[in-house]
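Read through the structure below, which is laid out as structure tokens, and then see the notes.
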Amino acid sequence: MPDQLFGAMRQSIIDGAPDTATELAQQALANGVDPLEAVNQGFAAGITFAGDQFGCGQIYLPDLLASAEAMKAAMGVLEPEMLKHGSQREALGKVVLGTAKGDIHDIGKNLVATILSASGFQIFDLGTSVTPEQFVAKAKEVDADIVGVSALLTTTMAGQKAVIEALDRNGLRPRTKAIIGGAAVTSKWAAEIGADGYSRNAIDAVELAKNLMGKVTNKGTVPA
Amino acid sequence: MRPKIQLLSPDLIGRILGEAFELLMNPGVRVGSAVVELLQSAGAEVRVAGNDRVARLPETLVRKCLASAPPDFYLYSRQGEKAVHYGDDDVHFDPGSCCVQMLDPDTLEARPSETRDLVRMVQVTEMLPQFSAQSTAVVCSDACSDSGLPVAIGDLYRLFVVLEHSDKPVVTGSFSAAGLGGMIDLLAADSGGRDKLRQRPRAVFDVCPSPPLNWSEFGSYNLLDLARTGVPAELVSMPLAGGTAPVTLAGSVTQHAAESLAGIVLHQLAGPGSPIVWGGAPAIFDMRSGGAPMGAVETAMLNMACAEVGKHLGLPTHGYLVATDSKFVDAQAGAESARSAMLGALAGINMISGAGMIESLACHSVEKLVMDAESIASAQRLVRGVEVRGTSLATAMFAQTGLSGNFLKLKETRALFRQEQYLPSPVTDRSARGSEPPSDIFTRARARVDELVSSYRKPSLPEDVLRKFKAIVDREVDREADREADRAGVVAEPSRN
């Protein structure tokens, strides 16, 4: 029975069906299934599969986002129960995200936030046009593991450098890692401004973040 | 609304047909001996002087034959499903044919094409939805050679290889008057008999007049045989504007019309109602190389204009596009092929042959075929036009997003993006720059070919059908040996006198 339930959970995430995911989560609780197990053996397996499918070009961004939304729906049911039982799912890391000052384009940043969150990271999303000072303040407040700065425009890419400099000035690095992303951003630019990492899409960002947290995988780019 | 381009005004189409009818009376059209009686009994005058036979075809006779030609027909898959609709403005693509050379992706040199090349072309074509039909793309120089099967049955052998490896319909053609029978037998064996083949034809045969205005012995014979068996014929008139046809585009379209009308007369007299396609491979004549530049925009214009005349007459249409004059799979190849794919689709040509071909149709490339598939998919997307889905265009979606701009998360986005966008294969590079160095299209095309070939599955043909195929090939080998002996006898004869 649980195996079948876990399979259905996994499938609800792959299908990107939030209503089904919610129902399955409730069913699990009603049947006394440990919520942490439901996540680890059911729903999380689904999001990992969807991520892999996206990575090899089998599914597309709207599919991936739907999977992430389904994951969020399941977690919405399971998380309060885990808190009650003191069996909270251990976050993979704390990530502060925002777009660089002057840049209001946030599709990419939102994607990264959704996918990282679905993958088990705790996200602090500062929104758009965030100043270096705001990044620093939030990173200090939550003791961030990672700060991610997004920039779409070549004109706002300089803002990514400013954030990294501010993190350095305030002594947050190397404890806190700085990662960057955005359409015009390259690994060369990441190396040039001394970022700890860059990825070209949201799925690779998961691998990158895991790498930086010492969860070694074989994907993602960490500039030498 | 379906987007469409037209190059000819109704008035000009009228003038083209008017002059084409004039040409069919004066100077008339050369025909093969096989059709002389047929034409004469239909009331056409045929002047015979030695081996030269010139027929005058009056407009009333041509109009009568046009009236019996069907406005549309289907080609069927091996499973008996409708796979190609020759008619209306439906657009289909198939790889070009028939090459004797293949671009070697390792050496980048053209080498004689072999059975393995044809198999690879067929496998890739089978896997790509952009191609509704196969073609007998290349000859197999390894199998049909001085030391192997007779070169003369190369046409039959190609079809055998294609039928063995594909379920899709086939655009083919024979190399001689004698070659057609064996090919029809092969198709009949595949369909389960000649009647079934007639009811649900799986192949269409290209038949070519020689410019100007000459239906040779071979072409005439093929038209008669096809009309009688009911297997669809595709007229492939190929005027070269400025070389073998008038230099003006309008003049060459007129010659194409006259040659095609003559073909319809021969065909419909022999088999009224038998399916026939107003096809062609018109091109301009290159004033420097003397070749036929398939990538030239005027060549595309000729194909579009010829098809327009055919549509005006209410006939299914065909053209030769998506090819290039470049020797490589390079920027010129991409530009020329993509351009003509778009133009052919916008002209609503029912079957567009030519994808994969380089070097002005002298060489094939399977790597180019997968590159062309991307252009073809874009052209197919273009002609679907801007479609309206649902009751509101944007307001219902804005009602959900407000000013957040969060359209990526909408159910509508996920439900509709696959219909709204052509989602390219990895041959088209749209990726963000990553840590690996970017690749060029030829490299990606090579990888794609390998991937398609490895996911291809050969159709499982019943043993008895395969046995029939092999028996037909063996029989044609014997018949060709007899014909060869006859020919040797004819040649030897004068020496005895």
- Pick out, from A:GLY181, A:ASN40, A:ASN170, the residue whose Cα sits farthest towards the positive end of the charge dipole of chain A, with +1 on the Cβ of Lys and Arg and -1 on the Cβ of Asp and Glu. A:ASN170
- Roughly what angle does helix B:366-384 make with the longest principal axis of chain B, taking Cα atoms, 0 to 90 degrees, to the nearest 10? 70
- Query: Which FRET efficiency value, to the nearest 0.05, do you get for B:ASP106 and A:GLU192 by plugging their Cβ-Cβ distance into 1/(1 + (r/R0)^6) with R0 = 25 Å?
  - Reply: 0.05
- Task: List the residues of the stretch B:115-153 whose backbone N lies under 20 Å from a point placed 7 Å from the Cα of B:GLU484 along the Cα-to-Cβ direction.
- Result: B:115, B:139-153
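Under the definition of partner shielding as Cβ atoms of other protein chains within 10 Å of a residue Cβ, what is the mean value for peptide B:432-442? Each step should come with its number before you reach the end.
Numbers: counts 11, 8, 8, 12, 2, 0, 0, 0, 0, 0, 0.
For this peptide, the per-residue mean of nearby foreign Cβ atoms is 4.
Give the shape of chain A as rounded, prolate or oblate, defined through the alpha-carbon gyration tensor: a ≥ b ≥ c are the square roots of its eigenvalues, a/c under 1.5 means rounded, and otherwise the shape is prolate if a/b is larger than b/c and oblate if not. Intermediate values should be presented prior to the final figure.
On the way: a/c = 2.25, a/b = 1.80, b/c = 1.25.
Because a/c hits 1.5 or more and a/b exceeds b/c, chain A counts as prolate.
Taking all protein chains in place and a 1.4 Å probe, what share, in percent, of the accessible surface of the stretch B:219-375 do carbon and sulfur account for?
Details: 2210 of 3560 Å².
So the carbon and sulfur contribution to the accessible surface is 62 percent.
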- Just tell me how shielded B:407-415 is by partners: mean number of partner chain Cβ atoms within 10 Å of each residue's Cβ, no decimals. 5
- Grab the eigenvalues of the alpha-carbon gyration tensor for the stretch B:341-447, scale each by 5, take roots, and send me the semi-axes largest first in whole angstrom. 35, 22, 8
- Query: Say each of A:ASN40 and B:LYS82 gets a label point 7 Å from the Cα, pointing the same way as Cα to Cβ; how far apart are those two points in nm?
  - Reply: 5.7
- Task: May I ask for the angle, rounded to the nearest 10°, between helix B:297-312 and the longest principal axis of chain B, with both axes built from Cα atoms and the value confined to 0 to 90°?
- Result: 70
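Whole number please: convex hull volume per residue, Cα atoms of the stretch B:298-344, in Å³.
Details: hull volume 2.7 nm³, N = 47.
Cα-based convex hull of the stretch B:298-344, divided per residue, equals 58 Å³.
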- Task: For the stretch B:65-196, give the percent of accessible area contributed by carbon and sulfur heavy atoms, probe 1.4 Å, rounded to a whole number.
- Result: 51
- Loop-located trypsin sites (Lys or Arg not before Pro) in the stretch B:36-133, at most 14 other Cβ atoms within 10 Å (DSSP): none
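To the nearest hundred square angstrom, how large is the accessible surface buried between B and A, total for both chains, probe 1.4 angstrom?
Summing both chains' loss of accessible area gives about 1400 Å².
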- Query: Rounded to whole Å and sorted largest first, what semi-axes of the equivalent ellipsoid does the C-alpha gyration tensor of chain B yield via the square root of 5 times each eigenvalue?
  - Reply: 39, 29, 22
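Quantify, in whole percent, the carbon and sulfur part of the accessible surface of the stretch B:394-497 (1.4 Å probe; protein heavy atoms only). It would help to have the intermediate numbers written out before the result.
On the way: 3990 of 7230 Å².
The computed percentage sits at 55.
I need the shape label for the stretch B:104-180. Rule: rounded when a/c is under 1.5, else prolate if a/b > b/c, else oblate, with a, b, c from the alpha carbon gyration tensor. Mind dumping the intermediate values first?
Details: a/c = 2.19, a/b = 1.13, b/c = 1.93.
Here the stretch B:104-180 falls in the oblate category.
Which GluC sites (Glu not before Pro) from the stretch B:308-388 combine a DSSP loop assignment with at most 13 other Cβ atoms within 10 Å? All intermediate terms of the calculation are to be shown ahead of the outcome.
Values: sites: B:GLU308, B:GLU336, B:GLU359, B:GLU367, B:GLU374, B:GLU387; in loops: B:GLU387.
Answer by residue number: B:GLU387.
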- Scan chain A and note any complete DSSP helix (H) whose C-alpha atoms cover at least 24 Å along its axis and whose Kyte-Doolittle average is -1.0 or more. A:61-85
- Task: Compute the label zone of A:ASN170 within the stretch A:95-115: residues whose backbone N is under 18 Å from the point 7 Å along Cα-to-Cβ.
- Result: A:95-102
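Send over the semi-axes of the protein assembly as shown's equivalent ellipsoid, whole angstrom and largest first, taken as the square roots of 5 times the C-alpha gyration tensor eigenvalues.
Values: eigenvalues 793, 144, 119 Å².
So the equivalent ellipsoid measures 63, 27, 24 Å along its semi-axes.
Hey, with R₀ at 25 Å, roughly what FRET efficiency would B:ALA415 and A:THR48 work out to, going by the Cβ-Cβ distance, to 0.05? Kindly include the intermediate steps, with their values, before the conclusion.
Working: r = 25 Å, r/R0 = 0.99.
Efficiency, rounded to the nearest 0.05: 0.50.
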- Could you tell me how many degrees, from 0 to 90 and to the nearest 10, lie between the Cα long axis of helix B:463-496 and the main elongation axis, the longest principal axis, of the Cα atoms of chain B? 40
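Does the stretch B:180-307 come out rounded, prolate or oblate by the C-alpha gyration tensor, with a ≥ b ≥ c the root eigenvalues, rounded set by a/c under 1.5 and, if not, prolate when a/b is larger than b/c and oblate if not?
prolate
The values are calculated or read from the model by the stated rules, or taken from the named source; none is laboratory data. It should be emphasised that the depicted structure is a prediction, and the values quoted were computed from it without experimental measurement. Note that each Cβ is placed from the backbone with ideal geometry, even for glycine, and that neighbours are counted across all protein chains shown. All accessible areas refer to the heavy atoms of the entire protein, side chains included, with ligands and DNA or RNA removed. Shrake-Rupley method; radii C 1.70, N 1.55, O 1.52, S 1.80 Å.
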